[in-house]
Amino acid sequence: MTATRKIRLKYLYSPSGEANRPNEEVLSVYRDHGVIPKSSRSDNFNKTPENVERYLLVRPDDLVVNRMKAWQGSLGVSNYRGIVSGDYEVLRPVSESVSGRYMHYALRSRHMVGEYRVRSTGIRPSQWRLYWDQMGDIRIPLPSLEEQERIAAYLDRETAQIDTLITEQQRLVKMLRERRISVVRSAISGVGSGGSIGGSADWFGSLPQEWSAAPIRRHFNVILGKMLNANKDDAEGTEAPYLAAGSIQPENLLLDEPKTMAFTTPELDHYSLRAGDVVVVEGGAGYGRSHYLRHDLPGWGFQNHVARLRSSTGLVDGLFATFCLKACLASGHIEANNRTATIPSLSRDVLGAIRIPVPPISEQRQIAKYLDEQIVRIDTLIVESERLVELSQERRAALITAAVTGQIDVRRES
């Protein structure tokens, strides 16, 4: 291929301040999807204000940039007419030598996103902004218009195949997660054993005759962890690692690089973490997540946004109780108790009041062992599928970068 010239973006685009079009469709900018109608997604929780007169008009082939997230790749060339928040940058093409399809790929390539990161300003990532004064000076590879269209057509074809594979694997992961919950819920409620107790008031439905049901507090001592020290210099005790809410993930426990705070010797005993305990996230985005401790964590404590369940009667197995809590969270029961809360949380009292099935202890252990085996198999498939998605996404990004930087001769690939 002949050498490709590089042109500064300010010679290809110019900021547009066209506004006061309140009747146009509202658009959003996504890192993965580019510019699309906001109404086409169910995961955008940003509320559109009643007055959108200051929103900027977007025309097809305009470049729309989320100034706050450009360094993450949140920008794209629009195929739609509509309006976006005035906090975005709307850039209109001023050159007839650019293909919108090509620019969409090129502007979102790894190399260009790296440029946005370097040129964004702010004290910390959450405050970074990319302004046109800096962005306009970035040089972009710009082959002939014919070559741009050829590259775009090649990438359309190749990325469509990769996207199909990614979609299939993501659908499989969703099905496996649903299967995971179904297996757990069926087992902990004794499905197939015949039921007569329990009812619509309980999230788990009916249970076998020989089973009972009870609130968690009847069989476990429930305590919250230690409040984080506001001033480490004034805190008494010795620095020790603690289990934070973020350590408890849906399918595992993150213990690498733990944070520390001061605990006195009596506090470390009070906030100890032992094999057989159950830890539950009390507040924040992951509230309700739970994990069963299979081993002691000597010298560790836990923070106040984590609750610890420790058996008080020996009549309920900790692993069985953990599976019950996971099924309860998936059922929506915990969320239903937080619909009126400003900050979602699972307080000590609410957690202790959650009712769970209580089969004979020997049966609990059989069920827990069975679920352990089943979940390992399902989780192995989930990990494999997620890894394939990750590799496919990396392949997609590398392919785009290679094509727009001339590392692939698309004329030979066509």
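In the stretch 29-45, which residues are farther than 17 Å from residue 107 by Cα and in contact (Cβ under 8 Å) with a residue 12 or more places away in the chain?
Across the stretch 29-45, the qualifying residues are 37, 38, 39, 41, 44.
Within the stretch 259-275, is even one residue among the charged types (D, E, K, R), closer than 30 Å to residue 204 by Cα and either modelled with pLDDT of 95 or more or in a loop (DSSP other than H, G, I, E, B) (or both)?
yes
Does any residue in the stretch 75-91 that is closer than 11 Å to residue 17 by Cα come within less than 6 Å, Cβ to Cβ, of a residue that is of a type in the set (Gly, Ala, Ser) and not in a strand (DSSP E or B) six or more places away or on a different chain, and which pairs are these?
That search, which allows pairs on different chains as well, returns 90/16.
Can you go through 321, 262 and tell me which one is free of Cβ contacts under 8 Å to residues at least 40 places away in the same chain and small (Gly, Ala, Ser)?
Answer to the selection: 262.
So residue 353 ticks every box in (1) in the same structural domain as residue 244 (by TED's automatic domain parsing); (2) out of contact with any Ser or Thr (no Cβ under 9 Å at 6 or more places or on another chain); (3) closer than 24 Å to residue 246 by Cβ but one. Which box is left unticked?
(3) is the only condition that residue 353 fails.
Looking at the stretch 76-167, what strands (runs of 3 or more DSSP E) fall wholly within it and have at least 3 residues that are surrounded by 14 or more Cβ atoms within 10 Å (Cβ to Cβ)?
Per the criteria, 82-84, 88-93.
Among the listed residues 6, 10, which satisfies the condition of being out of contact with any strand residue (DSSP E or B) (no Cβ under 9 Å at 6 or more places or on another chain) and touching a residue at least 12 places away in the same chain (Cβ under 8 Å)?
10
May I ask you to verify whether residue 332 is surrounded by fewer than 23 Cβ atoms within 10 Å (Cβ to Cβ), modelled with pLDDT of 95 or more and either closer than 23 Å to residue 187 by Cα or not assigned by TED's automatic domain parsing to the domain that holds residue 228 (or both)?
Here the answer is no, as residue 332 does not meet what is asked.
Name every residue in the stretch 2-50 that is at pLDDT below 85, among the hydrophobic types (A, V, I, L, M, F, W, C) and within 33 Å of the chain's Cα centre (by Cα), in order of residue number.
Within the stretch 2-50, just 45 meets the criteria.
Does residue 84 satisfy the condition of being over 23 Å from residue 402 (Cβ atoms) and not acidic (Asp, Glu)?
yes
Those residues that are in contact with a strand residue (DSSP E or B) (Cβ under 8 Å, 6 or more places away or on another chain), of a type in the set (Asp, Glu) and more than 18 Å from residue 216 (Cβ to Cβ), I need them from the stretch 257-293; list them, please.
Once the filter is applied, which keeps residues that are in contact with a strand residue (DSSP E or B) (Cβ under 8 Å, 6 or more places away or on another chain), of a type in the set (Asp, Glu) and more than 18 Å from residue 216 (Cβ to Cβ), the stretch 257-293 yields only 267.
Taking the criterion of being among the basic types (Lys, Arg) and surrounded by fewer than 16 Cβ atoms within 10 Å (Cβ to Cβ), would at least one residue in the stretch 351-371 satisfy it?
Yes - at least one qualifying residue is present in the stretch 351-371.
Could you list, ordered by first residue, the pairs with Cβ atoms under 8 Å in which the first is in the stretch 16-28 and within 21 Å of residue 70 (Cβ to Cβ) and the second is surrounded by 13 or more Cβ atoms within 10 Å (Cβ to Cβ) and among the acidic types (Asp, Glu), at least 6 apart or interchain?
16/62
Regarding the stretch 200-216, can at least one residue be identified that is at pLDDT 95 or above, assigned to a helix (DSSP H, G or I) and crowded, with 16+ Cβ neighbours inside 10 Å?
Yes: one or more hits.
Hey, could you check the stretch 223-245 for residues that are part of a helix (DSSP H, G or I) and at pLDDT below 85 and say which is surrounded by the fewest Cβ atoms within 10 Å (Cβ to Cβ)?
Top of the filtered list is 233.
The values are calculated or read from the model by the stated rules, or taken from the named source; none is laboratory data. All figures in this text were calculated on a predicted structure; none of them were measured in a lab. Here the Cβ is made from the backbone with ideal geometry for all residues, glycine too, and neighbour counts use every protein chain on show.
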